[in-house]
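Working notes for the structure below.
The values are calculated or read from the model by the stated rules, or taken from the named source; none is laboratory data. Fair warning: this is a prediction, and the values are worked out from it, not measured in the lab. Please note that ligands, DNA and RNA were not included when accessible areas were found on the heavy atoms of the full protein model with its side chains. Shrake-Rupley method; radii C 1.70, N 1.55, O 1.52, S 1.80 Å.
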Amino acid sequence: KDIEKGVEIGKCWEKHILQVCDEYFFYEQIEEFNEPFVDSLSEYDDGRDLSAYDFSKDGFDDANKRKLAYRYRVIAQKYAQVLVEF
């Protein structure tokens, strides 16, 4: 019944959700791209092993669809991993 407390809790949840999205799903880096699904850039993905790939130092920009495709592949793998665990 406390509206101010409800708004405060909502903002706290929003902060945490965005933090998770940034840390695990590259949200801040890819939010400007309007791709309908994670496989939409698979044609640019060369299948490189990304287990040791340093996304924070790869010089990603909007002109490099391969690096964007790498991010989408990792996102898809994370989703798939969670689905298998349930």
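Quick one: accessible area per residue over the chain, 1.4 Å probe, rounded to a whole number of Å²?
81
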Q: Take the alpha carbon gyration tensor of the range 40-86, find the square roots of its eigenvalues, order them as a ≥ b ≥ c, and report rounded if a/c is under 1.5; if not, report prolate when a/b exceeds b/c, else oblate.
A: prolate
**Q.** Nearest-ten-degree value, helix 3-25 long axis tilted from longest Cα axis of the chain
**A.** 10
**Q.** Over 32 Å between alpha carbons, listed pairs 5/57; 15/78; 57/78; 5/65; 15/67
**A.** 5/57; 5/65
Q) For the chain, modelled as a GNM with alpha-carbon contacts under 10 angstrom, which of 67, 57, 15 fluctuates the most? A) 57
Q.
Computing the accessible area with a 1.4 Å probe over protein heavy atoms, can you report the carbon and sulfur percentage for the chain?
A. 53
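222 nm [θ] for the chain, helices only, -39500 (n - 2.57) per DSSP H run of 4+, per residue, to 500?
-18500 deg cm²/dmol
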Q) Which one of 74, 38, 20 has the biggest mean-square fluctuation once the chain is modelled by GNM with Cα springs under 10 Å? A) 20
Q: Take the chain, connect every pair of alpha-carbon atoms lying under 10 Å apart with a spring to form a Gaussian network, then pick out the residue of 61, 45, 22 with the largest mean-square fluctuation.
A: 61
Q: Quote the convex hull volume per residue of the chain, based on C-alpha atoms, as a whole number of Å³.
A: 145
(Q) Apply the Karplus curve 6.51 cos²θ - 1.76 cosθ + 1.60, θ = phi - 60°, to the phi angles in the range 64-80 and return the couplings in whole Hz, x for Gly and Pro. (A) 9, 5, 5, 5, 5, 4, 4, 4, 5, 5, 5, 4, 4, 5, 5, 4, 4
Q) Quick one: Karplus J couplings for the range 53-63, per residue in order, coefficients 6.51, -1.76, 1.60, θ = phi - 60°, nearest Hz, x for Gly and Pro? A) 6, 9, 5, 6, 10, 8, x, 4, 9, 5, 7
Q) How big is the accessible area of residue 37 in square angstrom, nearest 10, if you roll a 1.4 angstrom probe over the protein chains? A) 120
